[in-house]
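The numbers here are math on the coordinates, done by the rules we state, and not lab data. These numbers were taken from a predicted model, which means no experiment stands behind them. Cβ sites come from the backbone with ideal geometry, for glycine too, and all protein chains shown count toward neighbours.
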Amino acid sequence: MLRGNIELWLAFLTCILISTGYSLVAFLTREIPAASEFFGHTLGILGFILMLMTETFYSLRKRSRSAALGRMSTWLKFHIYMGLVGPFMVLLHTSWKFNGLAGATTLLTFIIVVSGFVGRYIFTRIPRTMDGLEIEGTLSQEALKRARQMMSLWHTVHIPIGIALFFSAFVHLGGALYYATLLK
Ligand code: HEM
Ligand code: HEM
């Protein structure tokens, strides 16, 4: 499961496309797209929707045992793709200012992405079927046990960061919409 790294390449290409659009807007308007204006705002909203999908879709698929919904490996690839493109769009949304709670939310977003890469690395150490079930592979029992322990330790770090991130993101977007959009 999770062979190759097509999802990383696709995310990279998508980020290049988005950066091209961003550079074009910056060039035509001769300024960095502001977080509260149309382009920057759209990036924030779309990026945040992708992040919400990252947080929920894979977990829902993991808990529903229906194979008809597609392979777990595909869902994890989709999770990683959205988990990279969403934060990248949100990064461009910030207009490179990182004050207060919004800045802290950006930091949490960065941490979850870095921790995602660590998780991806440990995850690929455990031999699995395409549907995510662990199998006895070439790894020695001792190494397999260690990889499983690291994976469960990783979950206990990664999941609370995600919860803190969405909590502060909701407070930020409530505040930003109230002060920067509705009161304008
Ligand atoms: C995880 C998601 C998000 C992160 C990390 C984030 C981060 C940021 C950052 C760092 C800023 C600049 C703050 C500053 O001026 O120092 C900002 C501004 C802003 N954000 Fe977000 N944002 C996110 C999602 C959203 C969403 C979904 C919306 C709207 C629905 C939104 C609306 C705004 C607005 C309106 C501003 C401008 C505030 C102002 O000009 O005072 N953000 N955001
Ligand atoms: C917005 C960014 C992200 C969020 C909110 C997020 C959230 C989550 C959550 C909630 C889980 C737990 C799923 C479960 O067991 O129910 C998870 C698992 C995982 N995530 Fe992410 N993630 C993000 C980005 C990434 C990235 C960028 C990568 C890889 C580069 C990644 C790789 C993984 C891996 C390998 C797992 C473990 C899968 C498993 O144990 O079944 N994530 N993520």
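For helix 100-125, what angle does its Cα long axis make with the longest principal axis of the chain, in degrees from 0 to 90 and rounded to 10?
With rounding to tens, the tilt is 20 degrees.
Place +1 on the Cβ of every Lys and Arg and -1 on the Cβ of every Asp and Glu in the chain, take the dipole about the Cα centre, and give the residue among Leu43, Thr105, Val118 whose Cα lies farthest towards its positive end.
Going by the charge dipole, the pick is Val118.
Pick from Arg128, Arg120, Arg30 the residue whose mean-square fluctuation is largest in a GNM of the chain, springs joining Cα atoms under 10 Å.
It is Arg30.
Going by alpha carbons, how many degrees (0 to 90, nearest 10) lie between the helix axis of 141-176 and the longest principal axis of the chain?
So the helix axis and the longest Cα principal axis differ by about 20 degrees.
Taking amide H positions as placed in the peptide plane 1.01 Å from N, state which residues far from Arg128 in sequence (5 or more) or on other chains have amide H under 5 Å from it.
Long-range HN contacts for Arg128: Ile135.
Using the Cα gyration tensor of segment 6-182, with a ≥ b ≥ c the square roots of its eigenvalues, what is the shape: rounded (a/c below 1.5), prolate (a/b larger than b/c) or oblate (neither)?
On the way: a/c = 2.36, a/b = 1.97, b/c = 1.20.
Verdict is prolate for segment 6-182.
At 0.36 nm per residue, and after removing the present C-alpha to C-alpha distance, how many nm does the segment from Phe12 to Leu24 gain when stretched out fully?
2.5 nm
How large is the helix-only mean residue ellipticity at 222 nm for the chain, computed as the sum of -39500 (n - 2.57) over DSSP H runs with n ≥ 4, divided by its residue count, in deg cm²/dmol to the nearest 500?
Values: 5 runs with 134 residues, N = 184.
Value at 222 nm, helices only: -26000 deg cm²/dmol.
How would you order 172-179, 64-71, 86-93, 51-58 from highest to lowest mean count of nearby Cβ atoms within 10 Å?
Numbers: 172-179: 13.6, 64-71: 9.8, 86-93: 22.0, 51-58: 17.6.
Result, highest mean Cβ count within 10 Å first: 86-93, 51-58, 172-179, 64-71.
So how much slack lies between Phe117 and Arg146, counting 0.36 nm per residue of separation and subtracting their Cα-Cα distance, in nm? Numbers along the way, then the final one.
Numbers: separation 29, 0.36 × 29 = 10.44 nm, distance 1.82 nm.
Roughly 8.6 nm would be gained on extension.
Taking the Cα centroid of segment 139-161 and of segment 71-115, what is the distance between the two, rounded to the nearest whole Å?
Taking the Cα centre of segment 71-115 as reference, the centre of segment 139-161 is 23 Å away.
Enter the angle in degrees (range 0 to 90, nearest 10) between the Cα long axis of helix 6-29 and the first principal axis of the Cα atoms of the chain, meaning the one along which they spread out most.
0
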